[in-house]
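Novice: Take this structure first; my questions come after.
Any read-out appearing in this document is the output of simple, stated calculations on the displayed coordinates, not a laboratory observation. Not measured: the values here are computed from a predicted model. Note: ideal-geometry Cβ built from the backbone for every residue, glycine included; neighbour counts use all protein chains shown.
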Amino acid sequence: MARSNSSAVFFGEEIGRIKPERHVTRWIGTALVLLIAVLLLQSMMTNPNYQWDVVFRYFTSTQVLLGLLKTVELTVVSMVLGTLLGSVLAVMRLSSVVVFRAAAAFYVWVFRATPLLVQLIILYNLAALYPDLAIHVPFGPEISINMNELLTPYLVAVLAFSLNEAAYMCEIIRGGIMSVDPGQTEAAKALGMTSGRIRTRIVFPQAMRFIIPPSGSQVISMLKGTSIISVIAFSELLYTVQVIYTRTFETIPLLIVAALWYLLVTSVLMVAQGYIEKHYSRGFDGKRAPTKAEGTRTAAIRAIPLTDPVNVVPISPETKAGLSEQHAGTREGRTHD
């Protein structure tokens, strides 16, 4: 007798037809989302106030690209300096020296508890507190530097972002280091390894899978956060488009240009972050990382086509009764033993 493909078979007997669950709310939600997306797309394409011709004209203009380059440069430099300083602060916070722990904790407290914009403006006006920076050379002349000439908008931006980022990277790196089993550090010390070698060979490679995800988010946040430097007239991406639309009065198209570039660069960073996370997560997904030979063997097995279909062989009632009696006899034998 022919069976339905959706019927369940247990020991050769058909126990009923499997009815798929109906998800009415999912279909309604999907329809609403698609409807909203179509309406938004139609509005963007038909509304002349978007001025897409202006957007396309300025999207690859030299002035905008130079502003984008300065934004990326500022992000990279500040992130590298902030990560280096944050690593030092993380080691200080985990140190057994009380003074080091207190100094690092105070630094983190100050820079995490005050807004980045406030720190930026204070650094930009630091010359009001210290007009000249004097350096006394022993048995030599005194070197004096004018702070107004030293603190350029670029240097102020790098200092503000680096010092602020160091406080957050300190906590991220400290959390990653603390996630490593302390027993591994103790075992390495028992083998005679130095503290620096333990950190570089054992602790940091394992801590990276906990450090990379929040660090990637910090890079993306910093890239977008560079837009606040427009308050000190640094010609990054947002300030560049502001200068242009102040002259041309094409505010919305120029802001769309900036938003599209932020979206594009952020998307590239997110993809790169995903690949880096996958690299450092190998072997930590609950399974052992396969060797090269095992990977080759698995790929060869998967490449073998399944030519013969798998058939369900029905079991007769006599066979089922015999299996049940055999199972009962086995249990009785175990009980007597």
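Novice: For the residue pair Met193 and Val271, what label-to-label distance in nm results when each label sits 7 Å from Cα along the Cα-to-beta-carbon direction?
Specialist: My value for the distance between the label points is 3.6 nm.
Novice: So for the stretch 122-207, Kirkwood radius off the Cα pairs, Stokes-Einstein at 25 °C and 0.890 mPa s: how many µm² s⁻¹?
Specialist: On the way: Rh = 16.8 Å.
The estimated diffusion coefficient comes to 146 µm²/s.
Novice: Using 0.36 nm per residue of separation minus the Cα-Cα distance, give me the extension gain between Val98 and Asp181 in nm, one decimal.
Specialist: Length gained, Val98 through Asp181: 27.6 nm.
Novice: Tally Lys/Arg at +1 and Asp/Glu at -1 over every other residue whose Cβ is under 12 Å from the Cβ of Val271; what's the total? Write down the numbers at each step before the final one.
Specialist: Numbers: positive: Lys278; negative: Glu277.
Its environment carries a net charge of 0.
Novice: Under 14 Å from a point 7 Å along the Cα-to-Cβ line of Leu41: which residues of the stretch 253-279 have their amide N that close?
Specialist: In the stretch 253-279, the label zone of Leu41 (backbone N under 14 Å from the point 7 Å along Cα→Cβ) covers no residue.
Novice: Taking the Cβ of each residue in Trp52, Trp261 as the centre, tally the other Cβ atoms inside 10 Å and list the residues starting with the fewest.
Specialist: Working: Trp52 14, Trp261 20.
Listed from fewest to most nearby Cβ atoms, that is Trp52, Trp261.
Novice: I would also like to ask the following. For the stretch 131-208, give the magnitude of the charge dipole about the Cα centre (Cβ charges: +1 Lys/Arg, -1 Asp/Glu; no others), in debye to the nearest 20.
Specialist: It works out to roughly 540 debye.
Novice: When Thr46, Thr226 are ordered from fewest to most other Cβ atoms inside 10 Å of their Cβ, what list results?
Specialist: Exposure proxy ranking, most exposed first: Thr46, Thr226.
Novice: Related question: Can you tell me the dipole magnitude for the stretch 51-282 around its Cα centre, using point charges on the Cβ only (Lys, Arg +1; Asp, Glu -1), in Debye to the nearest 20?
Specialist: 820 debye
Novice: Only counting other Cβ atoms within 10 Å, I'd like Leu264, Leu237, Leu151 sorted with the fewest neighbours first.
Specialist: Working: Leu264 12, Leu237 28, Leu151 19.
Least crowded to most crowded, the residues run Leu264, Leu151, Leu237.
Novice: Consider just the alpha-carbon atoms of the stretch 51-282 and return their Rg together with their Dmax, both in angstrom.
Specialist: Cα-based Rg and Dmax for the stretch 51-282 come out at 21.6, 70 Å.
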